[in-house]
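The structure appears right after this line, and notes come after that.
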Amino acid sequence: MARSPWRAVGGAMLALLLVLVGVLVAALLLRTYTLPSRQLTWQGPAGTAVRLTQEERQQLRRALVGAIRIPTVSFSEDEQNVTALAEFGEYIRRVFPGVFSSSIIKHEVIAEYSHLFTVQGSDPSLRPYMILAHLDVVPAPPEGWDVPPFSGEERDGYIYGRGTLDDKSNVIGVLQALELLLKRNYRPKRSFFIGFGHDEEVSGHKGAMKIVEKLQSRGVKLLFVADEGLAVLDGVIQGVKTPVALIGTTEKGSITLNLTVNQPPGHSSMPPAETSIGILAAAVSRLESNPMPNLFGEGPEASMFEQIAGEFVFPLNVMMANLWLFSPIISRVLEHKPSSNAMVRTTTAITIFNAGFKSNVIPATARATVNFRLHPSQTVAEVLDIVKNTLHDERVEISVVNSFDPLPISPYDESSFGYQILQRTIHSVFSAAPVAPGVCIGNTDSRHFVNLTDSIYRFSPFKLKPEDLPRIHGFNERISLEGLEQLTQFYYQLIQNADSDKVPVAHQATHEL
């Protein structure tokens with residue numbers, strides 16, 4: 001019996017399909033295992049590490065504990081503990097006498113409570129850079145804490161208290177590093193500034209913005225800015241085998257809206273079909289039920305995953321190395337956790353709801369406050385349009401309390417001095433941890449510096465485990481003694497590394513099949 005020609009064609013098509021599948025698999029594996037490795041070999045001299053004496057270690061510990069005990073709380077833009085802020089200024093003068101008495105350092109108090117240090121380098125031809133941190137902290141009611149939040153109590157190798165992570169550890173770490181460098185007769189080659197704002201937690205309008213105005217009046221242009229932000233994440237990114245350092249190359253924008261509904265008031269015994277509260281509740285429910293679009297791949301988050309692809313376990317390493325194919329799957333997976341969902345879209349948070357004053361009175365007015373954190377690829381105008389279309393109810397008044405677009409994405413390629421200096425320092429201090437660009441989902445004082453430089457990087461030099469994330473602005477905030485010393489080591493080496501007059505060059509190995 002003659003063989004069917006259709007069977008022959010089908011066999012040929014199956015063979016071709018198998019060949020194509022084989023080619024695709026080979027291409028995926030080739031890309032996965034030929035990506036640059038995290039193992040970098042840096043050219044040129046690097047900053048030397050500091051060996052703290054036992055006395056210096058104790059001094060560092062005492063410095064942070066004392067800082068935590070000063071409750072520099074910001075409640076709102078109009079309500080801060082200014083007495084504590086003034087006390088903090090006197091405190092750092094006592095604790096770091098070398099910094100305040102050095103002939104190469106000029107100290108200025110800005111807007112009564114912020115601080116600006118100008119460290120004069122030996123080579124005026126080199127453009128200066130800037131290190132930022134902030135003095136204020138968010139409120140910390142004692143309920144829910146294992147220790148009083150402003151005690152600076154030490155337990156099991158950790159210092160507890162509000163500000164240990166955000167952000168007094170960076171304030172103390174920078175000053176301690178500079179104090180140690182001066183003590184060891186180090187004279188920086190490149191000039192730099194240190195800025196401590198006093199109202200970062202409530203906008204930075206009175207602190208960081210005034211520091212910027214002062215620098216602008218002097219015609220200062222910065223090579224780069226380093227501020228708090230992302231960190232060395234240990235076990236935070238699911239499927240990653242090693243700690244990964246993420247540098248925030250941008251931060252999300254923000255919109256705060258008030259939604260208001262006004263309806264005739266009345267007695268609860270004769271309710272209308274819809275009340276002001278019901279209309280508003282339905283409106284905010286629509287916002288929560290219709291999240292902003294998933295924009296994975298349109299910001300630096302895709303580059304982040306691709307650059308650390310080799311650190312993922314199989315088969316995630318293949319998927320992350322080939323986002324051109326697997327991006328839709330990855331983006332859907334990231335939506336399932338609040339921390340990763342914030343990376344892929346503009347988030348919507350209902351934060352305040354006010355209505356009513358008596359159980360038997362239907363109120364005339366209901367008001368809600370909604371905060372959106374904007375993905376780097378969206379603008380304030382675009383998000384407002386989506387909100388209006390989602391609410392689709394003329395009875396809901398929309399008013400903008402405040403807003404700003406996402407920050408520009410700072411460069412992170414091989415020619416970017418600031419990024420490469422940070423990467424080199426991270427590799428030295430954190431045992432060659434892989435480094436990648438990321439999106440800072442919170443906002444920092446650095447956003448006010450965009451007119452002084454196009455290179456702004458947000459990195460807090462300490463390790464964070466999954467259980468540490470809720471401690472920031474939450475209960476039982478803490479930092480380990482080892483982490484505090486490591487943080488100080490980071491700034492000690494960063495200042496030295498930044499003295500280079502060339503962009504650090506690193507040789508990258510590749511994964512081999």
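Taking Cα centre as origin and charging only the Cβ of basic (Lys, Arg, +1) and acidic (Asp, Glu, -1) residues, the dipole magnitude of segment 252-404 rounds to 400 debye. Based on the Kirkwood radius over alpha-carbon pairs, what is the Stokes-Einstein translational diffusion coefficient of segment 378-436 at 4 °C with 1.567 mPa s viscosity, in µm²/s? Answer, rounded: 84 µm²/s.
Cut-off is 10 Å between beta-carbons; in what order do F224, F372, F326 appear when sorted fewest neighbours first?
Least to most surrounded, the residues fall as F326, F372, F224.
Which of the three applies to segment 194-329, rounded, prolate or oblate, going by the alpha-carbon gyration tensor with a ≥ b ≥ c and a/c under 1.5 meaning rounded? Oblate is the answer for segment 194-329, as a/c is 1.5 or above yet b/c matches or exceeds a/b. So for the chain, taking the charge dipole from beta-carbon charges (+1 Lys/Arg, -1 Asp/Glu), which of F449, A84, H115 sits furthest toward the positive end? Looking along the dipole axis, the top candidate is F449. Over segment 252-404, Cα pairs under 8 Å with separation of 6+ residues give a relative contact order of 47 percent. In a DSSP loop and with at most 16 other Cβ atoms within 10 Å, the trypsin sites (Lys or Arg not before Pro) in segment 427-507 are K502.
Extent along the principal axes, Cα only, for segment 107-254: 50, 40, 40 Å, with the longest axis given first. When DSSP beta bridges are restricted to pairs lying wholly in the chain, around 70% turn out antiparallel.
For segment 252-404, what ratio Rg/Rh do Cα atoms give with a Kirkwood hydrodynamic radius?
Rounded to two decimals, Rg/Rh equals 1.14.
Here segment 346-387 was treated as a single set of alpha-carbon atoms; its pair distances binned every 5 Å from 0 give 6, 18, 22, 15, 13, 10, 9, 6, 3, 0 percent.
Find the relative contact order for segment 373-513 and round it to a whole percent, using C-alpha pairs within less than 8 Å whose residues are 6+ positions apart.
It rounds to 28 percent for segment 373-513.
Within the chain, helices built from complete DSSP H runs that reach 27 Å or longer along their own axis (Cα positions) and carry a mean Kyte-Doolittle hydropathy of -0.5 or higher are 5-33. The residues neighbouring D499, those whose beta-carbon lies less than 10 Å from its own, together hold a net charge of +1 under the Lys/Arg +1, Asp/Glu -1 convention.
Rounded to two decimal places and with Rh computed the Kirkwood way over Cα pairs, what is Rg over Rh for the chain? Before the final figure, lay out the partial values.
On the way: Rg = 26.5 Å, Rh = 25.3 Å.
My calculation puts Rg/Rh at 1.05.
Put a plus charge on the Cβ of each Lys and Arg, a minus charge on the Cβ of each Asp and Glu, and nothing anywhere else: the dipole of the chain about its Cα centre is then about 1060 debye. Considering all different alpha carbon pairs of segment 65-126, the Kirkwood hydrodynamic radius works out to 13.4 Å.
Along the charge dipole of the chain, which of P434, A381, G219 sits closest to the positive end, that is, farthest toward it, with unit charges on the beta carbon of Lys, Arg, Asp and Glu (+1, +1, -1, -1)? Going by the charge dipole, the pick is P434.
When only Cα pairs under 8 Å and 6 or more residues apart are kept, what is the percent relative contact order across segment 63-215? Computed value for segment 63-215: 34 percent relative contact order. Structure note, pairs K337/K465; K252/K388; K241/K463: Cα-Cα distances above 19 angstrom occur for K252/K388.
Only Lys, Arg, Asp and Glu carry charge here, each on its Cβ (+1 for the first two, -1 for the last two); on that basis segment 301-381 has a dipole of about 520 debye about its Cα centre. Candidate cross-link partners of K210 among the lysines, defined by an alpha-carbon separation under 16 Å and a same-chain spacing of 8 or more, comprise K221.
Read-outs: derived from the displayed coordinates by stated rules, not from any lab. This is a predicted model, so every value here is computed, not measured. Here the Cβ is made from the backbone with ideal geometry for all residues, glycine too, and neighbour counts use every protein chain on show.
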